Amino acid sequence: MLSLTPWYEGLLITIVPVIILVPTYMYSVKSYQITNDKLIIERTISKLDKEIPLSEIENVSIPGKEDFNWTIRALGDAGLFGYYGLFANPKLGSFRAYATNRKNRVLIVLKAKKDKIVLSPDDAGMAEALQKLIKKQA
């Protein structure tokens, strides 16, 4: 039997992945930058960069691998272009991730509402540099 597929089937197969991949890539984290007064999370599109004043950071620590057991993604991307969005687990509670990988994770706790942010810089010394700047400002 001859089966004819609708004309739009091929179009959907092409467009749906693009609709998913383009925004996912735009929100992906490119790098981190520390200035004298803020931490900048640079994304692929600079208008989406996140700036955190150092004065709003309460604590910087290096969590263990076990701190991320049973982590679930509430809203975001996990794996394709990094790990970013809202996540939660029993140990940390809810947190926002701006991570490029699962190595060198840094946990930042903000003063307001005790919000938590997880980063993953390529340079493992970033946590120490950030702690020094925060202490200097205090």
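Computed from the coordinates by the stated procedures, all read-outs in this text should not be read as laboratory data. Remember, predicted model here, so these are calculated numbers, not experimental data. Here Cβ is always computed from backbone atoms with ideal geometry, including for glycine, and neighbour counts include all displayed protein chains.
What to note about this one:
- Kirkwood Rh, Cα atoms: Rg over Rh of region 10-78: 1.10
- Chymotrypsin sites (Phe, Trp or Tyr not before Pro) restricted to DSSP loop in region 10-81 with at most 13 other C-beta within 10 Å: TRP70
- Amide hydrogen proximity for LYS38: with H placed 1.01 Å from N in the peptide plane, the residues at 5 or more positions away or on another chain lying under 5 Å are LEU54.
- In the chain, the calculated helix contribution to ellipticity at 222 nm averages -7500 deg cm²/dmol per residue, counting -39,500 (n - 2.57) for every DSSP H run with n ≥ 4.
- In this calculation the C-beta distance from ILE62 to VAL22 is compared with R0 = 35 Å, giving a FRET efficiency of 0.55.
- Degrees between helix 126-137 axis and first principal axis of the chain (Cα, 0 to 90, nearest 10): 50 degrees
- With a Cα cut-off of under 15 Å and a minimum spacing of 8 residues unless on different chains, the lysine pairs in region 11-138 number 13.
- Restricting attention to the chain, close to 90% of DSSP beta bridges with both partner residues there are antiparallel.
- Alpha-carbon centroid distance for the pair region 93-112 / region 37-87, whole angstrom: 4 Å
- Take every Cα pair under 8 Å whose residues are at least 6 apart in sequence, average their separation, divide by the length of the chain, and the relative contact order is 19 percent.
- Candidates ILE41, ILE108, ILE72: whichever shows maximal mean-square fluctuation once the chain is modelled as a Gaussian network with Cα springs under 10 Å: ILE72
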